[in-house]
Amino acid sequence: MKILIVLALLLFVIQLTGCTNSTPRVKPAPVYQHGERVGGGSTSALEMPEIGTEEGGEYGEEQGEEYRVSELDSEVPQAPTESPVTDLSSNSLRGGGEQVAYAGSAGTGASMGKAAKSLLDKAESQQQAGDLSGAASTLERAVRIEPRNPLLWNRLANVRLQQGHSDLAVEFASKSSEFAGSDEGLKQNNFQIIDMANSPR
Amino acid sequence: MLILLFIAAVPLGTYMMQLSDEITTSFEGRRWAVPARVYSRSMELYAGAPVSRERLVSELEYLGYRKVSQPDTTGTWAMNGGRLLLRSRPFIFWDGAEPEQSLDIRVANGEISSVMDHASGKEIDLVRLEPLEIGSIYPRDNEDRVILAPDDIPEMLKKTLITIEDRSYYDHFGIDPRGITRAAVSTLVKGRREGGSTITQQLVKNYFLTPRRDLKRKSKEALMAIILDAKYEKEDILAAYANEIYLGQDGNREIHGFGLASEFFFGVPIAELEIDQIALMVGLIKAPSTYNPRRNPKNALKRRNLVLDVLAQQGVISEGAAGVAKGKPLGVVKKKPTGQGGRYPAFMDLVKRQLRRDYQPEDLTSEGLRIFTTLDPWVQKTAENNVLKRLQQLEKQKGLPKGKLEVASIIVTPQDGEVLAVIGGRKAGYAGFNRALDATRQIGSLVKPAVYLTALQDPGSYALSTILDDSKVVLRNRGSKSWSPSNYDHKDHGNVPLEMALAKSYNQATVRLGMDVGVDRVVKTLHALGMSSEPDPLPSLLLGAVNMTPLEVTQLYQTIASGGYRSPLRAIREVMGPEDKALKRYPLTIKRTVPAGPVYLLSRAMQSVVTRGTSRYLLSALPKSLNLAGKTGTTDNLRDSWFAGFSSDYVTVVWVGRDDNKPAGLSGSSGALRVWADMMKPLMPSPLDLVVPGTIETAMVDPGSGMLFNPVCGGNGVEKPFLRGYTPYEDAYCDSDYLLAPDPSRGASRQGERPGRGYRDNDGHPDFNGDSWDNKKPGSSKKSNDGLGGFLRSIF
C-alpha cells in the first residue's frame, strides 16, 4: 500500500516537473480571487417605480462615468466667498479648477456645525482633485447631518453642474435658494448655476 | 514484482494527472460564492448629533461592543461618569477608511455634546461608527460565509485548529499515513470508526466530493489531498479550510467558515475572539449540531473545555490560561438572524427589490458585494417595539378579535427620501407578507391633501380661508346611480373655511371642491406627488377610492414634506465590490414637482389637522411645540385606518387594518394615529419649521367669512398666509347673518380685480355665469363639459 503511494507520488512529481501545463505553486488559493466588477443595467420585474433613483439611468453613477470631467468644468460659477457683496462684483465665472472659499456663516445666514463644515471642506478638496463623485457623496453625507443648510445644497448643485447633470444642478440650486433666507449672495450664485445649466452647451 | 508494480502505477499516474487537473480547475477556477452583505446606515458622532445616551448604547450593543471597565481593546466601551469611553473599530467605507479610535464622548439632554480623542483630549469634528450588518444575500444552496484572508485568521485559531484537527499538518504531505493507520486499526480492532483525516483531506471532502464513506472515495480523497498539498501553500489551504468548514445552522442558512461563525455565535469580528470562544468554535467542527452552544449548551461547554485541556496539554496555552478560560460562560449572544431576511426582513425586502433592478441574482449571491443601506436600526427598533403593544391595546379596548389587526409603516427622511424603517406586519422580524410594500389598500382621506393642493394651485379661487360649502352633495352621472357621500359624523357643516374642511376631513366640502377643480387635475397632482398608477378620474377618487401601498403613500407625503421636491425613496446608498472597490452609488436626486407656495399652504392646513382637526390626539401625546403636520384616513366600514404625518426630520405613514379586508373597527384617528404617536414619541422628532417661500404673504382675515379682517366689527382677526398678490380684497361685513348662506366663492380673490359685491347673488349662491370663478383658470372650461360639474352646479 505504502509503496504504491510512494510510487504514485513519484510519478506525480515527474508529471509536475515534466508537464508544462501545470500551474506553478506560487499561485494563491482562490480565496482572494474575486469576481470582476458587477455590471449594471439589467432590468427586472420590479414594478415599483417609486423606489430607487427614478432618474437612475441619467444620474446612476458607475465609477467610470463618474470621473469624466464635463466640458462645463471651466464654467462653474464660484460659490460666494466671505463677503457676498464683493463676490458679486468679482463674479467672473472663473475656471473650475480654481477653488472656492467657504462662505462664512455670517454671510449665508445659516450657521454650520463643525461636522458639516468638515465634510464641506473635504468635498471641496475632492472637487479640486477632480473626484466629483466623491465630492457629491461627501456633500450628501453632510446634507444628512444638516438637511436644511443652503450652502450644502449650493455646493451639491455646483458639483452636479460640473458633472454635466444640469437638471439636477437646477433643482439643487433652487432648493438652496429656498433655504437661503436673506442670503442674497448665495441666492445670486444659485441663479448663476441655474442660468448656466439652462444655457445650451 | 517490480514490473508488476510499475504496470499498476502507470494507470494510477494517469489517473492522478486527471485528478490534478480537476483540482486545479476546481480550486483555482471556482471562485468562492461570496454572498452580498448588507449594512445599515452608520451612526455619525459629532457635537450636536441628536443621539441620546440610550440610543448610543443601543447602537454599541447592536454592533457587539463589549462593556468593560477600561476600553483598551478594539470593540469595547465603558461609562465613566457622564462620559462614554469607546474604542471604535476600523472600517472601510465607500469613501475611505475610518480608523480605529479611542473616543471620549459626552452626552447631555438627548444629544452628543462633545466628541474628543481620549488620549489627547482634542476635539474631533466627526466620527462614523461602522454600520451594522443587517443581512446577507446567499445563494440557493443556502451557504453563507464571510471570507477571511490568511492574514485575517488569528494565530490562536490556526494553532487551535491544528492542535485539535491535524497535529502534523505542517509536516505531512496532504495525508498522514500514521493517522490513517491508527484509524484503520481502530476501525478494524475496536469496530469503531475514527477519523484519520488531515485538514487537507477534510477540505477535499467538503470541497469536491460527496459525503460517501467507502474505500474508493477515501482513496480519491487521499490522492486529491496529496495533489492539493503538493500544489498549494499550507497557509492557503488552511485559509480555504477555515472558510469552507460547516459550523452551524440558522434556519435554512448554513453557517460556513469561522468569519461568519464568529459573528453568528459571538456577535463580534473574528479578531476580537478570546481563547475560550476560539475553543468553542473549533470544538464545533466535529459535530456542529451536537455541540450547538445555543441548543445544547451542556455538550458545548464540555466539548469546549476538552479542547482547552488539549491545548494546555500540548503547550499551546498555559494550564493557568486554560483554567481561566474554562471558568468562563459560553459567551454566546442571543441569536440574531442575519440571514436571508435577517432581523429586518421587511426592509431587506425593499433593498432586494431595488437591487434586483441593477444586478443579476448570481452577482448578489456570489460576488462578495457590500451593500450600504439607509436603515436606521434605532428608528426601526423603536417603531417595532411600540407597534405591537398598541395593536393589542386597541384590540382590547375596542373588543376586536385578538390577533387580527395588521399594520404596516414606513419612516423616511423628508429632504432626501431615505428609508429609515419599514414595518411589514405586527410580528416584527417575521418574513411574511410585506404589507408596507405589497398591501394595496384604499387610501381614504389620505388623498385629500392632493385635492386641496390642486385647489390651492389656483390662488384666484382658493386660499386657506376660502369658504367651502359642506352641505349635502349628490352626484349623478348619466346612466348610473347617484352618489351622495356623507361626512364621517353624518352631519352637514354648512360654511367652512377650506383649511378647516381639510382639518376636519369633511367629505361633502371636499367632493364639491374636487369636482370644481376637476378630478383629472387631482389625478395629475397625485402623479406629481409620486403616484404611479393610472386610476380612472371618477368622483369617488376624491374621497380616496384609489388603491395604493403604504410605500407609495409615503412617496406622496415625502414630496409634500420636502416643500414640493420629490425624492424617489431610496433604501440603498452605495454598493461596493470586492477589495473595497466602489461600484455603484444611488445618489440623492430631487425634483420639484409641485410649486412651493401651494405646498406651503397645504402644509399649514395639515398642521391644522393636528391643532384643530381629526388628529388633535397628537397634541396630548406629543409636545405641542413640534407643530406636526398630518392627515388621517379612514375607508368605508372602517376597513382601513391610516395616518400620514411629518416633522422636520421624519415622514411616517402608518396603516392599520385586516388582511381579509374585513372591517377593522378603527378610524384613522382611533387606530393608525395612535400607533403613529407611539412610534414617533420615543424618536423625539424635531419641530416642523416650515420654510416660508418667497411667494407667500400674510393678511389678517375674518375667520368666519375668510374676508379681510375688519376692526370696525370688533372681534379678532387671524393672520393667514396667501400666495403673494392673492390676499382677500374685501373687508368683512359686520352683519354676520348672511354668512349662514353657502357661498363658496367668498374669500377667493383675484389679483388686481375688485368687483364689488356683485359676484354673489342674493341667495348666497355663487354666480357661475359671472367671472367669480376666475375664468382665467385652465380647468374652468372643463368644469362645464364634464357633466358632473354641471350636475354639481345644478344642485346648488
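Could you count how many residues in the stretch B:606-664 are among the small types (Gly, Ala, Ser) and closer than 23 Å to B:Asn507 by Cβ?
Adding up the residues that qualify gives 11.
Given the structure, is B:Thr611 in contact with a strand residue (DSSP E or B) (Cβ under 6 Å, 6 or more places away or on another chain), of a type in the set (Ser, Thr, Tyr) and closer than 22 Å to B:Ser647 by Cβ?
No; evaluated as a whole, the condition is false for this residue.
Please state which one of B:Leu673, B:Leu708, B:Leu683, B:Leu690 is in contact with an Asp or Glu (Cβ under 8 Å, 6 or more places away or on another chain), at pLDDT 85 or above, surrounded by 17 or more Cβ atoms within 10 Å (Cβ to Cβ) and not β-branched (Val, Ile, Thr).
B:Leu708
In the stretch B:48-87, what residues are in contact with a Ser or Thr (Cβ under 7 Å, 6 or more places away or on another chain) and crowded, with 16+ Cβ neighbours inside 10 Å?
Those that are in contact with a Ser or Thr (Cβ under 7 Å, 6 or more places away or on another chain) and crowded, with 16+ Cβ neighbours inside 10 Å: B:Tyr65, B:Arg66, B:Ala78, B:Arg87.
Out of all the residues in the stretch B:566-615, which are hydroxyl-bearing (Ser, Thr, Tyr) and at the interface with chain A (Cβ under 7 Å from one of its Cβ atoms)?
Within the stretch B:566-615, B:Tyr586, B:Thr589 qualify.
Among (1) under 21 Å from the mean Cα position of the chain (by Cα); (2) touching a residue at least 40 places away in the same chain (Cβ under 8 Å); (3) surrounded by fewer than 18 Cβ atoms within 10 Å (Cβ to Cβ); (4) not in a loop (DSSP other than H, G, I, E, B), which single condition is B:Arg356 missing?
Looking at each condition in turn, B:Arg356 falls short on (2).
Among the residues of the stretch A:132-164, how many are on the phi < 0 side of the Ramachandran plot, more than 9 Å from every other protein chain (Cβ to nearest Cβ), in contact (Cβ under 8 Å) with a residue 60 or more places away in the chain and under 14 Å from the mean Cα position of the chain (by Cα)?
Of the residues in the stretch A:132-164, 6 are on the phi < 0 side of the Ramachandran plot, more than 9 Å from every other protein chain (Cβ to nearest Cβ), in contact (Cβ under 8 Å) with a residue 60 or more places away in the chain and under 14 Å from the mean Cα position of the chain (by Cα).
Within the stretch B:222-250, can you find the residues that are more than 11 Å from every other protein chain (Cβ to nearest Cβ) and closer than 22 Å to B:Gly368 by Cα?
Passing the criteria: B:Ile245, B:Tyr246, B:Leu247, B:Gly248, B:Gln249, B:Asp250.
Go through the stretch B:708-727 and report how many residues are in contact with a Gly (Cβ under 6 Å, 6 or more places away or on another chain) and not aromatic (Phe, Trp, Tyr).
So the answer is 1.
Consider the stretch B:655-681. How many of its residues are β-branched (Val, Ile, Thr) and either free of Cβ contacts under 8 Å to residues at least 12 places away in the same chain or under 15 Å from B:Gln442 (Cβ atoms) (or both)?
Counting residues in the stretch B:655-681 that are β-branched (Val, Ile, Thr) and either free of Cβ contacts under 8 Å to residues at least 12 places away in the same chain or under 15 Å from B:Gln442 (Cβ atoms) (or both) gives 1.
Given the criteria touching a residue at least 60 places away in the same chain (Cβ under 8 Å), out of contact with any Ser or Thr (no Cβ under 8 Å at 6 or more places or on another chain) and over 21 Å from B:Tyr557 (Cβ atoms), does B:Asn477 qualify?
yes
Here are some residues: B:Thr181, B:Thr163. Which one is crowded, with 19+ Cβ neighbours inside 10 Å and among the polar types (S, T, N, Q)?
Going through B:Thr181, B:Thr163 in turn, the sole match is B:Thr163.
Hey, can you tell me all the residues within the stretch B:515-559 that are buried (at least 24 other Cβ atoms within 10 Å of the Cβ) and assigned to a strand (DSSP E or B)?
B:Met548, the sole residue that qualifies.
The values are calculated or read from the model by the stated rules, or taken from the named source; none is laboratory data. On a predicted model such as this, the values are computed, not experimentally measured, just so you know. Ideal geometry is used to build each Cβ from the backbone, glycine not excepted, and the neighbour counts take in all protein chains shown.
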